[in-house]
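See structure below.
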Amino acid sequence: MKRHLLTGLLALTTGLLVAPVPAQASAGADTTASRKPAPAQVLSPTPYQGWNTYFGLGGDFSEQSVREVADAMVSRGLAKAGYDIVWLDGGWQDPEPRTAAGDLQADRTRFPNGLQPLVDYIHAKGLKAGIYTDAGPYIPGKCGLGSGGGYYQRDADQFAAWKFDAVKVDFLCGIAADLDPKTVYTEFARALRNNASHRPIIFNLCNPVTSPDWGNYPQEQQSTYSWSYAPQIAQSWRTYTDVGFVGDIKFKDVLRNYDANARHPEVAGPGHFNDPDYLAPGLGMSDEEFRTQMTLWSMAAAPLVIGSDVRKLNQASIDALTDREALAINQDPAGVQAVRVGAAGTTETWVKRLADGDRAVMLLNRGESPKILTTKASSVGLSGARFTVENAWTNQVTESAGTISAAVAAHGAALFRVSPNRGLPGVPHITSGLPQVTRVGADALPGGTAPVLAGGDEARVEVVVRNDGLLPVLAPQVTLAAPVGWTVRPIGRAPVALTGGQSTTLAFTVKVPAGTAPGTADLTATTTYEAIGHGRLRQVTVSTVVLAPTPPQGEVALSHHTWISATSGWMSPTIDLSVGGWSPISVVGQVYPTGIGVASPSTIRYYTGGKCRQLTGLVGIDDAVRNVGPEGATATFQVVGDGRVLFDSAVVGRDDPRQFDVDLTGVRVLDLVVGDAGDGGYNDRANWVGLNASC
């Protein structure tokens, strides 16, 4: 026991994240005077991987459902790819969390034999087991389970006796009891390291409820402060609030969590990592958006914990989760977290230094339209005249003369491993852009907006092709395919060759047949070129365009017309009700029969097709915010027609609604935009009232 305590104290005082490894004395050896402390083992030298019950199964999981997920992790190749922790989140405990003797107990209905058989089953599959508790004392009605109030060592010993390999420690009970996170988490870490079984246990410090999204907490209690003390006591620590709600993960919140997580890359390293929360395939994001999340988390050296029900994931999600190159970047032994190169914006470059001197480079497109993004090898810390560029997602290996480019979809990210090249000339780094609608009829499409087409429209579509290699490519050609019945006609001719550093834009006229049904359609560009010594090569890029519904006619409540798309900061927009659908729309005591309730930020898009003349209405904060508290409840409202602001409310509070009356003459696409007024989305329930359109 003394040896164990010494190792634990050494870990706390030196900042090493270690677990004790008991020494085995040889027969007849002097085990007193000659005994030395056991060598320290760094727990999780690279970001740990696994699965957690929270988002996919909620709080009502059972021994059977967890066993099935463990089986699926093996059968679907996730365990082989490194996802080896099966983690029970909140909900495993009994309605009476402790026995009369003070021991934790599992739900006696869902785990009739306790947790030990489940842990044994998980271990028999070659996996590890994780469990959940809270740093505060159990407070009925405010949190479901807590280890505070004198139970830290008892619970740490219990988890170790059950043979758990990891523990997540929440702070719902902690904040309800107004505890200091640093103090209590340090105490829990000490108890965990001093567990009676001497069992190494990964410690995930989880304090998400105190993020600025949920109220005005003192700095030292906030999730954004954990970085200042957690690296000395935990293998990972949450850096912001949850990445979403159960069954509802939004891409904007993935970006929000990534940005918060990126504030302190300097504290990440082998055995201690910033944690932006769980991976969320199939829970609200598109396949493209999830692959972007996987790219972001890989660059961040973040723990990779799947929050979804892996039994139900599509193959695209499994492929993204198990991609070898992306995982190699995440699991790089240097443990370095990526940093942004240049300014923040709609498009960004991020770089991560790898252990072998290579650079992982991410080109991120936060926007609503596809882009060709570029950076320089010199900008990411590499020198030389030639570079090997390996695309982590396509496995394509090319050579660049110093510029790194990629065609990146809306909400997409390109991921490369870049290194100096001194061998024979490689395949030139050619970037074929995604087909991009630049004009509809005689009007240019506003920059950065998602294209919307309708039956009868004629559009200009462009594909940019660029050569960032040393050698030229010959006879570049682009063909464009559209749905059956559409007309595609090329404009102009392709060049004979494309030299290094040169780009060309190839354009097409695309005609949408009259009467085309609403929905989406793909435009597919096939680019071919002759690479000297490598034959004729081919790239295929695809863009999806929206096909609009019929525009409104007559005098209508726009809220009752079909929208193209609609987002809400949390939950979903609701028609004629406040966000969430809990109550009628009410502003400053007056109830309104029609409108749309949203939470900030939000964008609702309609197709008016140039058929409407006027839109009138009122914007304001719903009275439901008064039931929450005095914080938050500020928003901004804009009516935007074809990229042009027609109405701007400025900041709107709970007592100052604004009326608007805008001219819609000639407007094809109408956006109703709600912002958070710069203070976050906490308690921002915004209403579009009336929305009376004359068309």
Exercise. Using the structure shown, decide if ASN204 is part of a helix (DSSP H, G or I) and under 18 Å from ASN330 (Cβ atoms).
Key: no
Quiz item: Hey, among LEU415, LEU354, which residue is under 18 Å from the mean Cα position of the chain (by Cα), within 22 Å of GLY269 (Cα to Cα) and either in contact (Cβ under 8 Å) with a residue 12 or more places away in the chain or crowded, with 21+ Cβ neighbours inside 10 Å (or both)?
Solution: LEU415
Quiz item: Before we move on, is ILE596 open to solvent by less than 30 Å² (accessible area, probe 1.4 Å) and under 14 Å from ASP671 (Cα atoms)?
Solution: yes
Quiz prompt | Yes/no for ASP242 being in a helix (DSSP H, G or I), closer than 27 Å to GLY412 by Cβ and open to solvent by 10 Å² or more (accessible area, probe 1.4 Å) | solution = no
Self-check item: Residue that is within 30 Å of LYS182 (Cβ to Cβ), of a type in the set (Gly, Ala, Ser) and either modelled with pLDDT under 95 or in contact with a Gly (Cβ under 6 Å, 6 or more places away or on another chain) (or both), where the choices are ALA33, ALA135
Solution: ALA135
Quiz item: Looking only at the stretch 311-321, which residues are in contact (Cβ under 8 Å) with a residue 40 or more places away in the chain and under 17 Å from the mean Cα position of the chain (by Cα)?
Solution: LEU313, ILE318, LEU321
Quiz item: Do any strands (runs of 3 or more DSSP E) entirely within the stretch 321-384 hold 2 or more residues that are in contact with a strand residue (DSSP E or B) (Cβ under 8 Å, 6 or more places away or on another chain) and of a type in the set (S, T, N, Q), and if so, which?
Solution: 347-353, 371-376
Quiz prompt | Condition check for GLY680: touching a Pro at 6+ places or on another chain (Cβ under 7 Å), farther than 30 Å from VAL440 by Cβ, touching a residue at least 24 places away in the same chain (Cβ under 8 Å) and open to solvent by less than 40 Å² (accessible area, probe 1.4 Å) | solution = yes
Practice problem: Give me a count of the residues in the stretch 40-72 that are more than 26 Å from ARG108 (Cα to Cα) and either more than 21 Å from the chain's Cα centre (by Cα) or assigned to a helix (DSSP H, G or I) (or both). | Solution: 6
Exercise. Only one of these is open to solvent by less than 40 Å² (accessible area, probe 1.4 Å), under 24 Å from GLY681 (Cα atoms) and either of a type outside the set (Lys, Arg) or in a helix (DSSP H, G or I) (or both): GLU289, GLU220. Name it.
Key: GLU289
Self-check item: Complete set of residues in the stretch 178-198 that are assigned to a helix (DSSP H, G or I) and either of a type in the set (Val, Ile, Thr) or in contact with a His (Cβ under 7 Å, 6 or more places away or on another chain) (or both)
Solution: THR183, VAL184, THR186
Practice problem: Please note which strands (runs of 3 or more DSSP E) are completely contained in the stretch 536-593 and include at least 2 residues that are closer than 16 Å to VAL619 by Cβ and modelled with pLDDT of 95 or more. | Solution: 585-587, 590-592
Quiz item: When you go through PHE188, PHE171, PHE159 one by one, which is the residue that is of a type in the set (A, V, I, L, M, F, W, C), open to solvent by less than 10 Å² (accessible area, probe 1.4 Å) and either over 19 Å from VAL209 (Cβ atoms) or more than 32 Å from the chain's Cα centre (by Cα) (or both)?
Solution: PHE159
Quiz prompt | Conditions (1) surrounded by fewer than 24 Cβ atoms within 10 Å (Cβ to Cβ); (2) in contact (Cβ under 8 Å) with a residue 24 or more places away in the chain: number failed by TRP297 | solution = (1)
Practice problem: Might you check whether a residue that is surrounded by 18 or more Cβ atoms within 10 Å (Cβ to Cβ), in contact (Cβ under 8 Å) with a residue 60 or more places away in the chain and in a loop (DSSP other than H, G, I, E, B) occurs anywhere in the stretch 419-430? | Solution: yes
Practice problem: Scan the stretch 627-675 for residues that are farther than 22 Å from ALA693 by Cα, free of Cβ contacts under 8 Å to residues at least 40 places away in the same chain and surrounded by fewer than 18 Cβ atoms within 10 Å (Cβ to Cβ) and jot them down. | Solution: ASN627, PRO630, ALA650, VAL651, GLY653, ASP656
Quiz item: open to solvent by 50 Å² or more (accessible area, probe 1.4 Å), on the phi < 0 side of the Ramachandran plot and free of Cβ contacts under 8 Å to residues at least 40 places away in the same chain - does that describe any residue in the stretch 604-626?
Solution: yes
Practice problem: Mind telling me which of the residues VAL673, VAL645 ends up being within 19 Å of HIS561 (Cα to Cα), assigned to a strand (DSSP E or B), β-branched (Val, Ile, Thr) and at pLDDT 95 or above? | Solution: VAL673
Exercise. Please determine, by comparing only the residues of the stretch 267-286 that are free of Cβ contacts under 8 Å to residues at least 60 places away in the same chain and either open to solvent by 40 Å² or more (accessible area, probe 1.4 Å) or hydroxyl-bearing (Ser, Thr, Tyr) (or both), which one is nearest to ILE306 (Cα to Cα).
Key: GLY282
Quiz item: Can you find even one residue in the stretch 455-471 that is over 23 Å from ASP642 (Cβ atoms), of a type in the set (Lys, Arg) and touching a residue at least 24 places away in the same chain (Cβ under 8 Å)?
Solution: yes
Self-check item: Members of the stretch 436-485 that are in contact with a strand residue (DSSP E or B) (Cβ under 8 Å, 6 or more places away or on another chain), small (Gly, Ala, Ser) and closer than 25 Å to ASN365 by Cβ
Solution: ALA444, ALA450, ALA459, GLY469, ALA481, ALA482
Quiz item: Taking ASN195, is it open to solvent by less than 40 Å² (accessible area, probe 1.4 Å), touching a residue at least 60 places away in the same chain (Cβ under 8 Å) and not hydrophobic (A, V, I, L, M, F, W, C)?
Solution: no
Quiz prompt | Set LEU304, LEU327: member being open to solvent by less than 10 Å² (accessible area, probe 1.4 Å) and under 23 Å from ILE202 (Cβ atoms) | solution = LEU304
Practice problem: Using the structure shown, decide if ALA81 is surrounded by 15 or more Cβ atoms within 10 Å (Cβ to Cβ), of a type in the set (Gly, Ala, Ser) and either touching a strand residue (DSSP E or B) at 6+ places or on another chain (Cβ under 6 Å) or free of Cβ contacts under 8 Å to residues at least 24 places away in the same chain (or both). | Solution: no
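The values are calculated or read from the model by the stated rules, or taken from the named source; none is laboratory data. Since the model is a prediction, treat every value here as computed from it, not as a measurement. Please note: Cβ atoms are built from the backbone with ideal geometry, for glycine as well, and neighbour counts cover all protein chains shown. What goes into the accessible areas is simple: the full protein's heavy atoms, side chains included, and nothing from ligands, DNA or RNA. Shrake-Rupley method; radii C 1.70, N 1.55, O 1.52, S 1.80 Å.
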